[in-house]
1. I'm told A:S49 meets every condition in (1) of a type in the set (S, T, N, Q); (2) closer than 24 Å to A:A153 by Cα; (3) surrounded by fewer than 18 Cβ atoms within 10 Å (Cβ to Cβ) except one. Can you identify the failing condition by its number?
2. Looking at region A:102-129, which of the residues that are of a type in the set (G, A, S) and open to solvent by less than 10 Å² (accessible area, probe 1.4 Å) is farthest from the other protein chains (Cβ to nearest Cβ)?
3. I need a count of the residues in region B:252-269 that are under 20 Å from B:V284 (Cβ atoms) and over 27 Å from the mean Cα position of the chain (by Cα).
4. Applying the selection to region B:133-179, what residues are within 16 Å of ligand 2 (Cβ to nearest atom) and among the charged types (D, E, K, R)?
5. Out of the residues in region B:103-132 meeting the condition of being exposed (fewer than 14 other Cβ atoms within 10 Å of the Cβ) and within 29 Å of the chain's Cα centre (by Cα), tell me which one is nearest to B:V158 (Cα to Cα).
6. For residues that are in contact with a helix residue (DSSP H, G or I) (Cβ under 6 Å, 6 or more places away or on another chain) and part of a helix (DSSP H, G or I), scanning just region A:185-205, find the one that is surrounded by the fewest Cβ atoms within 10 Å (Cβ to Cβ).
7. Residue under question is A:T79, and the condition is that it be away from chain B (no Cβ under 11 Å), within 19 Å of the chain's Cα centre (by Cα) and not charged (D, E, K, R); does it hold?
8. Filter region B:133-157 for residues that are open to solvent by 60 Å² or more (accessible area, probe 1.4 Å) and free of Cβ contacts under 8 Å to residues at least 12 places away in the same chain and give the result.
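The values are calculated or read from the model by the stated rules, or taken from the named source; none is laboratory data. This is a predicted model, so every value here is computed, not measured. Here Cβ is always computed from backbone atoms with ideal geometry, including for glycine, and neighbour counts include all displayed protein chains. The protein model used for the area step is the full one, side chains on, heavy atoms only, and it has no ligands, DNA or RNA in it. Shrake-Rupley method; radii C 1.70, N 1.55, O 1.52, S 1.80 Å.
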Amino acid sequence: MSAWRSALGDGATIAQRNLIKVRRVPDLLVGTLISPIMFILLFVYVFGSAIPVPAGTSYAEFLVPGIFAQTVIFGATVTGSGLADDMQKGIIDRFRSLPIAPSAVLVGRTTSDVLTNVLVVLIMVVTGLVVGWRITTSPLEALAGFALLLLFAYACSWVMALVGLLVRSPEVFNNVSFIVIFPITFIANTFVPTQGFPTVLRVIADWNPVSAVTQASRDLFGNPSLAGGSDAWPLQHAALYTLIWSVVLVAVFLPLATRQFKRSAAR
Amino acid sequence: MADAVRARGLVKTYGRAGRGGGVTTALDGVDLDVPEGTVLGLLGPNGAGKTTTVRILTTLLVPDAGEAEVAGVDVLRDPQEVRRRIGVSGQYAAVDEYLTGFENLRMVGKLYHQGSRRASERARELLELFSLSDAADRPVKGYSGGMRRRLDLAGALVNDPPVLFLDEPTTGLDPRSRADMWELLQGMVRGGTTVVLTTQYLEEADLLADDIIVIDHGRAIARGTSDQLKAQVGGERVELVVDDATHLDEVRSLLAGVAVGAVEVEPHTRRLTAPVEGGAAVLVRLLAQLEERGVHLSDAGTRRPTMDDVFLTLTGKRTDEPSGTSDQKSGVTA
Ligand SMILES: Nc1ncnc2c1ncn2[C@@H]1O[C@H](COP(=O)(O)OP(=O)(O)OP(=O)(O)O)[C@@H](O)[C@H]1O
Ligand SMILES: [Mg+2]
């Protein structure tokens, strides 16, 4: 079997194993979902009441794509905590004693995590619909919006993989990822328009890829940007900017994570 | 006979100089030769370097120096090919808690590229062999320690490997499972499998291993068959248990006079042991002398040296004492 076919075949076997765990321990999925659902409710009904919205739209329509973006990024953290957990429990050693491609464990991990994210997005869509969020574009555009969210999350998974392999402890990983991801997803156009931010924060927010993926899905779902939207380049070309980030993240972190996998396990 | 495993000058140091925390030399030049179809037992106290040796030979760890060949393949140059030819069971069971026993073994089979059907068949076979059929379809989370251990050992056999590496395979098993495991291994060895195993149980090495290497502080301090090792530490032992602990010193000096090696004293059991030449005759003379002095014994006898004696003589430690704590070879001179 050629190297990449083995990586895919073995990756599929390992992805399957990870998905069995998602099925057997549904608490994990519930844990991933509780905070975004709570966020939707809190933001729509508490903060949303104080945010001015033009007639004919709603804050919910603005907010839900932002919540989607934040949720799939948190969904991608499972890649890091899962790898750290396997490392701690010695299962990575078992894998490494088998004749599989060095990238197979990581390919399998990132694949199962993006599939789990599909399920997460579906549940979030239902939640969004309940609070009044609607898609007003064609099904094809809507699909493109979801694809872009999942692609970006997949790219994030590779970053998480590297961090998870470096810290080697699921608890430490979860603390670190929480501390980093919260500001990244808040200093963005996810919850409020960036126009009112202080200049420095606004520039950061405009170039933050989380803003771009949010903006791109708003555009593709036909949801409002509020406050006239930003005229920064990344947000004017949100889909393209998201694509560039995704490709670059995978191109950089896939080889780094694979190298770290070979190395850290060999300690 | 060709060697299934060959290693020369294995060195492994943990921790980097200048990084704080100090440097541990886990292996300091170990050589191994394991002829095909034989069992090598690696024996040594905690921290001796047994696991490190196994991890290097199974491609999990890269040595700082030295070379190794397993099943005719260079471990450093072609680790992937080595992995195709070996089965590994590490010191701690590496099984997936959320999968069932069956799913664990089937996954391993698939990762050996056995194909889904064959992998499932083989998984069932092994579950049967390791008496895990009843628990086969329960998640491993609910398995006992011994069951996990057995599942992990089954994982090493999935691909019917010609060379097996087992790191303390029977630690944590009850006597019954241990005996089953021994029988299973003996059967495999008769079938031509080569086995490298580490163990804390001298009895296990005595029973299973054709050759034994005693490792201490990362070095092979003795090697040979169990008979050779026993011969190396001298012939028969005289063993005396005194009634009254106040007589221990007196009896010790008496024994020292006839012993050909160190006299070992265990104060809490009031037991004294010494290697002698001409066992029974020496014992009779000793008994007469003790009678004269009015020292009462609750037990006396002679016995052949055990692997425990070998270990104690060579390392100055019992098997359950770690490498680092006691002064090296403190028990040998007395
Ligand atoms: N990952 C590691 N980092 C630092 N030191 C290590 C590491 N692994 C092992 N060591 C050290 O290397 C030495 C040899 O360890 P090893 O695990 O090979 O011993 P062992 O003979 O298998 O012991 P045991 O009977 O306790 O399993 C010990 O001093 C140990 O502390
Ligand atoms: Mg060990």
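1. In the conditions (1) of a type in the set (S, T, N, Q); (2) closer than 24 Å to A:A153 by Cα; (3) surrounded by fewer than 18 Cβ atoms within 10 Å (Cβ to Cβ), A:S49 misses (2) alone.
2. A:G128
3. So the answer is 9.
4. The answer is B:R149, B:D152, B:D167, B:E168.
5. B:E128
6. My answer is A:R202.
7. Taking the combined requirement at face value, the residue satisfies it.
8. Answer for region B:133-157, where residues must be open to solvent by 60 Å² or more (accessible area, probe 1.4 Å) and free of Cβ contacts under 8 Å to residues at least 12 places away in the same chain: just B:D134.
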